[in-house]
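K.L.:
Here it is: the structure, laid out below.
The values are calculated or read from the model by the stated rules, or taken from the named source; none is laboratory data. Model, not experiment: these values are computed from the prediction. All Cβ positions, even for glycine, are placed from backbone atoms using ideal geometry, and neighbour counts span all protein chains on display. For accessibility, only protein heavy atoms count, side chains too; no ligands or nucleic acids. Shrake-Rupley method; radii C 1.70, N 1.55, O 1.52, S 1.80 Å.
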Amino acid sequence: MKAPCRVLSIQSHVVRGYVGNKSATFPLQVLGFEVDSINSVQFSNHTGYAHWKGQVLTADELNVLYEGIKLNKVNHYDYILTGYSRDTSFLETVVDIIQELKKANPSLVYVCDPVMGDHGAMYVPENLLPVYRDKVVPLADILTPNQFEAELLTGRKVNTQEDAFEVMDLLHKMGPETVVLTSSDLPSKKGDQFLVALGSQKIVKPDGSKTSQKICMDIPKVDAVFVGTGDLFAAMLLAWTHHHPKDLKAACEKTVSVMHHVIKRTITYANEMAGPGKRPSPAQLELRMVQSKADIENPAIVVEAKVLHKSSQ
Amino acid sequence: MECRVLSIQSHVVRGYVGNKSASFPLQVLGFEVDSINSVQFSNHTGYSHWKGQVLTADELHVLYEGIKLNNVHQYDYVLTGYTRDTSFLEMVVDIVQELKRANPNLVYVCDPVLGDHGSMYVPQNLYPVYKNKVVPVADIITPNQFEADLRISLTDSLLGDRFLVSLGSQRQVRPDGSRATQRVRIEVPKVDAVFVGTGDLFAAMLLAWTHHYPNDLKMACEKTFSVMHHVIQRTISYAHELAGPGRRPSPPQLELRMVQSKADIEDPAIVTEATVIS
């Protein structure tokens with residue numbers, strides 16, 4: 001990558017394991033991106049372990065860090081990446097920072113994972129929803145909600161694939177040109193060992209011409225609870241849409257393929273560690289990130305995205 | 001290779017010092033790196049401005065407690081660098097001692113950052129803590145001449161004044177039980193610029209290469225110094241490009257070209273030979 005590409009990632013830090021910035025930073029760096037990282041918390045490990053301890057960054061402290069960057073006149077970024085947040089004032093400060101960075105660089109791309117919940121239940125405070133809906137999503141360029149988060153943001157239920165694309169169109173109207181529904185309850189044509197992910201891109205160029213693409217992917221399910229995979233997904237979607245800015249199919253195939261390789265390596269190792277017949281622990285299920293470097297650099301495509309619709313005017 | 005490092009160093013949002021300097025290269029070489037950030041600053045303190053927050057000794061202890069409660073406090077290496085706080089440093093010593101009880105084979109790589117060129121740039125009261133508590137639990141230390149407190153005059157490089165001299169010494173126990181000391185000497189080309197984070201990169205890479213060459217200090221040093229050379233050369237070239245002809249590069253422009261040096265980090269071409277002295 002010739003032109004230095006600088007990402008500002010505002011996510012959690014864990015001493016041990018791979019979530020938030022720990023999950024996003026190494027893969028992006030391996031792909032040649034400069035990653036500036038603001039750690040929104042520092043915890044010993046993710047909250048799926050039996051115990052976790054640490055400290056959180058306040059909205060004021062976030063502002064102070066950004067001020068330092070600004071005073072040195074190095075507040076120029078090509079991408080911003082955000083994920084899990086529990087605090088409305090923190091999220092609102094993130095919004096202010098993004099608005100300012102977009103003024104400094106109008107070409108800036110904001111990749112937003114609107115983490116709120118899954119499988120019908122919220123796992124962040126409810127008062128984050130209006131902040132995401134009214135302030136964050138309008139600034140986003142690339143959005144990676146799961147089905148539940150897409151339903152929350154648009155107030156519409158998804159029962160069919162048609163519903164899903166209608167909801168994604170509503171999300172486009174709210175802001176982001178690229179929306180990837182990272183998982184859904186929709187039935188897969190390949191059977192119940194697969195989940196359906198959908199992608200939609202609607203680009204309006206400065207000259208008024210439009211391109212749009214809708215894709216569908218059947219992703220093999222894995223029987224385990226992984227943590228940090230959503231963070232890895234958003235980071236890798238950032239990377240691969242950077243290399244394939246108008247080809248959502250290619251970007252998603254690479255992203256989903258990386259996920260597959262990392263997850264397979266992880267579950268194999270976890271089962272080895274746990275021993276036959278035993279369910280692996282959270283510690284054993286930490287993503288095998290550094291071991292997956294080669295797959296991150298050059299992912300063999302293992303999932304094909306089907307193009308459902310493509311047009312340019 | 002299943003090798004886990006606990007690195008307790010600074011974090012900067014932008015740039016490469018402390019954990020930012022050490023983590024990526026170690027991960028690229030396949031090490032699992034658990035990192036405790038002793039501070040979070042916008043950037044290193046060589047810029048015109050810097051802002052951020054520090055971790056207290058209590059907060060450090062709380063993080064360690066979390067790791068311990070989950071029974072995952074097993075490490076092969078501990079790595080520490082720049083600290084400004086005696087109570088923080090003393091907490092680090094307690095943690096290292098406990099980790100060594102959990103794994104007697106643990107190797108503690110310590111950069112005793114105190115100062116350079118004749119003056120201290122940390123509070124003076126850190127010196128007795130390093131001397132009496134930290135260094136005794138260290139297995140590998142990477143002092144500069146000032147930190148080592150040598151009372152000899154500067155050694156001149158045989159290659160002239162565009163080189164500086166580095167020395168290494170390793171005490172070994174041979175298979176037959178007898179003891180030996182390997183001493184090496186390296187002539188390192190000087191570069192006319194002030195880099196920040198290079199000491200942190202050096203300690204991390206010495207950890208990696210002594211891991212691969214535990215009984216061959218000559219080889220470990222050659223690899224380590226060679227990586228440094230490649231990263232520094234790439235950095236200074238880029239910095240001069242950005243600054244323009246005849247202008248001295250600024251601190252932001254001089255940030256190490258870390259991600260761009262991935263291939264050199266993975267497999268450093270040897271550019272400097274160490275001489276075995278004894």
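K.L.:
Counting just the Cα atoms, what span does the stretch A:6-312 cover along each of its three principal axes? Round to the nearest Å and put the largest first.
P.N.:
Computed over the stretch A:6-312, the largest-to-smallest principal extents equal 55, 47, 37 Å.
K.L.:
Using a 1.4 Å probe on the protein heavy atoms, what percent of the accessible area of the stretch A:200-313 belongs to carbon and sulfur? Intermediate results must be reported in sequence, preceding the final value.
P.N.:
Working: 2840 of 5300 Å².
Whole-percent figure for carbon plus sulfur exposure: 54.
K.L.:
Please give the FRET efficiency for A:S312 paired with B:D58, using the beta carbon to beta carbon distance and R0 = 45 Å, rounded to the nearest 0.05. Write down the numbers at each step before the final one.
P.N.:
Numbers: r = 59 Å, r/R0 = 1.32.
Computed FRET efficiency for A:S312 and B:D58 comes out at 0.15.
K.L.:
Right, another one. Could you rank the peptides A:182-194, A:91-103 by their average count of other C-beta atoms within 10 Å per residue, with the highest value first? It would help to have the intermediate numbers written out before the result.
P.N.:
On the way: A:182-194: 15.0, A:91-103: 17.8.
Going from most to least packed, we get A:91-103, A:182-194.
K.L.:
With springs only between Cα atoms under 10 Å, which of A:V137, A:V290, A:V256 fluctuates most in a Gaussian network model of chain A?
P.N.:
A:V290
K.L.:
Greater than 23 Å separation of Cα atoms is the criterion. Which listed pairs, A:K53/B:K133; A:K157/A:K310; A:K22/A:K190; B:K100/B:K223; A:K254/A:K310; A:K254/A:K306, meet it? Kindly include the intermediate steps, with their values, before the conclusion.
P.N.:
Numbers: A:K53/B:K133 27 Å; A:K157/A:K310 25 Å; A:K22/A:K190 34 Å; B:K100/B:K223 27 Å; A:K254/A:K310 19 Å; A:K254/A:K306 14 Å.
A:K53/B:K133; A:K157/A:K310; A:K22/A:K190; B:K100/B:K223, as the Cα separations exceed 23 Å there.
K.L.:
Which shape class applies to the stretch B:1-63: rounded if a/c is under 1.5, otherwise prolate when a/b exceeds b/c and oblate if not, where a ≥ b ≥ c are the square roots of the Cα gyration tensor eigenvalues?
P.N.:
On the way: a/c = 4.10, a/b = 1.36, b/c = 3.00.
Oblate is the answer for the stretch B:1-63, as a/c is 1.5 or above yet b/c matches or exceeds a/b.
K.L.:
Only Cα pairs within less than 10 Å get springs; with that Gaussian network setup on chain B, which residue of B:R162, B:R174, B:R14 has the largest fluctuation?
P.N.:
B:R174
K.L.:
Now, a different point. By how many nm would the segment from A:A104 to A:Q291 lengthen if fully extended, with 0.36 nm per residue of separation less the alpha-carbon distance? Provide the component values of the computation, followed by the final result.
P.N.:
Working: separation 187, 0.36 × 187 = 67.32 nm, distance 3.74 nm.
Here the segment from A:A104 to A:Q291 would lengthen by 63.6 nm.
K.L.:
Whenever you get a sec, compute what percent of the accessible area on the stretch B:30-122 sits on carbon and sulfur atoms (1.4 Å probe). Please list the in-between numbers first.
P.N.:
Details: 1780 of 3720 Å².
Here it works out to 48 percent.
K.L.:
Under a crude label model (7 Å from the Cα following the beta-carbon direction), how far is A:Q161 from A:E126 in nanometres?
P.N.:
3.6 nm
K.L.:
So what's the projected area for the stretch B:4-277, the Cα convex hull averaged over all directions, in nm²? Show your work: numbers first, answer last.
P.N.:
Details: hull surface 62.3 nm².
Hull-based average projected area comes out at 15.6 nm².
K.L.:
A:K173 label point, 7 Å along Cα→Cβ, cut-off 15 Å on backbone N: hits in the stretch A:95-114?
P.N.:
none
K.L.:
Kindly identify the stretch A:224-313 as rounded, prolate or oblate by the Cα gyration tensor criterion: order the square roots of the eigenvalues as a ≥ b ≥ c, call it rounded if a/c is under 1.5, otherwise compare a/b with b/c, prolate if a/b is larger, else oblate. Display every interim value, and only then the final one.
P.N.:
Numbers: a/c = 2.84, a/b = 2.42, b/c = 1.17.
Because a/c hits 1.5 or more and a/b exceeds b/c, the stretch A:224-313 counts as prolate.
K.L.:
Whole angstrom only: what separates the Cα centroid of the stretch B:85-142 from the Cα centroid of the stretch B:1-69?
P.N.:
Distance between centres, Cα-based: 16 Å.
K.L.:
Next up: Per-residue mean of other chain beta-carbon atoms within 10 angstrom of the beta-carbon, peptide A:239-245?
P.N.:
0
K.L.:
In Å² (nearest 100), what accessible area is buried between B and A, both sides summed, heavy protein atoms only, 1.4 Å probe? Spell out each step's value before the answer.
P.N.:
On the way: alone 14950 and 14930 Å², together 25930 Å².
So the buried area, both faces added, is about 3900 Å².
K.L.:
Next question, about the same structure. Could you check what % of the DSSP bridge pairs in chain A are antiparallel, to the nearest 5? Write down the numbers at each step before the final one.
P.N.:
On the way: 26 of 46 bridges.
Just about 55 percent of them are antiparallel.
K.L.:
Can you compute the FRET efficiency between A:K205 and B:S178 using 1/(1 + (r/R0)^6), with r the Cβ-Cβ distance and R0 = 60 Å? Round to the nearest 0.05. Provide the component values of the computation, followed by the final result.
P.N.:
Values: r = 76 Å, r/R0 = 1.26.
Efficiency computed from Cβ-Cβ geometry: 0.20.
K.L.:
Computed FRET efficiency, Cβ-Cβ of B:K131 and B:R234, R0 56 Å: what is it to the nearest 0.05? Don't jump to the answer; show the numbers that get you there.
P.N.:
On the way: r = 37 Å, r/R0 = 0.65.
Between B:K131 and B:R234 the formula returns 0.95.
K.L.:
Please report the Cα spread of the stretch A:101-217 along all three principal axes, rounded to whole Å, starting with the longest.
P.N.:
On the principal axes, the stretch A:101-217 reaches 46, 36, 20 Å in Cα extent.
K.L.:
Along each of the three principal axes of the Cα atoms of the protein assembly as shown, give the extent in whole Å, ordering the values from largest to smallest.
P.N.:
Largest first, the protein assembly as shown extends 79, 64, 41 Å along its Cα principal axes.
K.L.:
Taking only Cα atoms and a 10 Å spring cutoff, compute GNM fluctuations for chain A and point out the largest among A:R288, A:R279, A:R156.
P.N.:
A:R279
K.L.:
Using a 1.4 angstrom probe on protein heavy atoms only, which residues from the stretch A:59-102 are buried by at least 40 Å² of accessible area when all chains are present rather than their own chain alone?
P.N.:
By number: A:V64, A:L65, A:I69, A:L71, A:N72, A:V74.
K.L.:
Moving to a separate point now. What distance in nm lies between label points placed 7 Å from Cα along the C-beta direction at B:H49 and B:D161?
P.N.:
Placing both labels 7 Å beyond Cα along the Cβ direction yields 4.0 nm.
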